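Presented below is the structure to which this report refers.
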Amino acid sequence: MRSLVVLADDRPCAPCAPTLPPARPKGYCRPLPPARRKPRSVLWRRIRWGFAVGLLAGIAIGGAYAWFRTDLPAEARVALQHVMGEAGASADLKVGEVNLRGRVNAPLDMLAAAVDVKRGDPILSLDLDAVRHRLEAIGWVKQATVWRQLPDTLHIEIVERQPFARWQIDGRVYLVDEDGRVLQEGDRTDFANLLLLVGAGASDKAHDLVAMLHADPVLASHVVAAVRLRQRRWDIQFDNGVVARLPEENPEAAWARLAALEKNNGLLRRDIAMVDLRLDDRLIVRLTPEAEAAAAAAQAPGPAGRKTPGKRI
């Protein structure tokens with residue numbers, strides 16, 4: 001059998017030869033592994049975790065009490081605003097312009113007093129929430145949005161309530177919205193065409209009253225005032241001076257009855273001063289003073305002792 005011959009090119013060179021581990025010295029022995037710690041008991045771990053949880057809970061409860069039961073939030077906010085204001089003033093961040101959008105009827109002096117910002121005030125120290133609350137305290141303002149635009153601009157946008165009627169009580173007139181909220185005191189000429197409500201509790205029932213009147217828009221267009229009596233029922237005044245007395249219960253039916261009488265018989269165009277609709281089975285009408293005088297004269301006996309024919313109403 002032919003022997004295996006290793007040629008010079010097939011011998012591994014020194015860099016490519018595998019590295020053998022160094023020979024162990026005489027008397028060498030392998031070191032022992034490190035000793036393991038004895039695990040602590042389960043009771044100790046529970047005590048440690050319970051203490052940590054109790055400490056965290058105590059800190060959280062104490063912080064919540066200090067936050068909600070004291071003035072700490074307000075004091076922290078004021079302090080932060082003061083620091084921000086000083087930093088903004090040192091960086092020359094001051095109010096240079098105030099932009100207002102959405103104003104239609106709200107008096108400008110009331111808005112300026114609520115904003116209470118002057119040119120040159122530190123813009124970072126402004127309490128925007130306080131400005132918003134002061135604006136929304138004005139009767140005209142339904143919603144206010146306030147934000148700052150650095151370096152020097154304060155933006156204010158408001159949504160106004162809409163005037164719905166005029167409310168007269170104790171000799172004073174107020175503008176109110178459909179929910180009865182007072183917008184402004186005083187009878188403004190630009191709202192003289194609004195319905196006049198008179199009496200205590202009239203403003204609170206304004207929305208229901210107008211809904212009832214607009215069941216007949218033609219008749220409602222001649223209404224100029226509505227008087228609330230003892231906070232129970234309405235007296236409706238028309239532009240020709242006629243007063244319609246509506247009942248406390250089911251005034252909608254009485255209003256529909258009056259609308260039918262006006263449409264079919266022209267009741268309100270006659271010489272009457274008052275029509276009483278408080279009774280379901282009858283209609284009570286009171287004539288104007290002129291019509292009563294003419295009727296009385298027509299019923300008076302003539303020279304021959306006979307009554308002159310009167311005018312039928």
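The values are calculated or read from the model by the stated rules, or taken from the named source; none is laboratory data. In this text, all values refer to a predicted model and were calculated from it rather than measured experimentally. With ideal geometry, Cβ positions are generated from the backbone for all residues, glycine too; neighbour counts draw on all protein chains shown.
Listed values, structure above:
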item: Helices (runs of 4 or more DSSP H) contained entirely in the stretch 201-269, each with at least 3 residues that are in contact (Cβ under 8 Å) with a residue 40 or more places away in the chain and either at negative phi or among the hydroxyl-bearing types (Ser, Thr, Tyr) (or both); result: 206-213, 251-265
item: Single residue of 229, 209 found to be touching a Phe, Trp or Tyr at 6+ places or on another chain (Cβ under 9 Å) and surrounded by 16 or more Cβ atoms within 10 Å (Cβ to Cβ); result: 209
item: Criterion: in contact with a helix residue (DSSP H, G or I) (Cβ under 6 Å, 6 or more places away or on another chain) and not assigned by TED's automatic domain parsing to the domain that holds residue 179 - qualifying residue of 117, 146; result: 146
item: Neighbours by Cβ (under 9 Å, 6+ apart or cross-chain): first from the stretch 105-118, without any contact (Cβ under 8 Å) to a residue 12 or more places away in the chain and at negative phi; second in a helix (DSSP H, G or I) and basic (Lys, Arg); result: 113/134
item: Residue tally, condition buried (at least 18 other Cβ atoms within 10 Å of the Cβ) and either under 24 Å from the mean Cα position of the chain (by Cα) or not assigned by TED's automatic domain parsing to the domain that holds residue 229 (or both), over the stretch 181-206; result: 5
item: Any hit, the stretch 45-67, residues being assigned to a helix (DSSP H, G or I), modelled with pLDDT under 60 and farther than 18 Å from residue 148 by Cα; result: yes
item: Residue in the stretch 139-149 that is over 16 Å from the mean Cα position of the chain (by Cα) and either touching a residue at least 12 places away in the same chain (Cβ under 8 Å) or farther than 22 Å from residue 116 by Cα (or both) present; result: yes
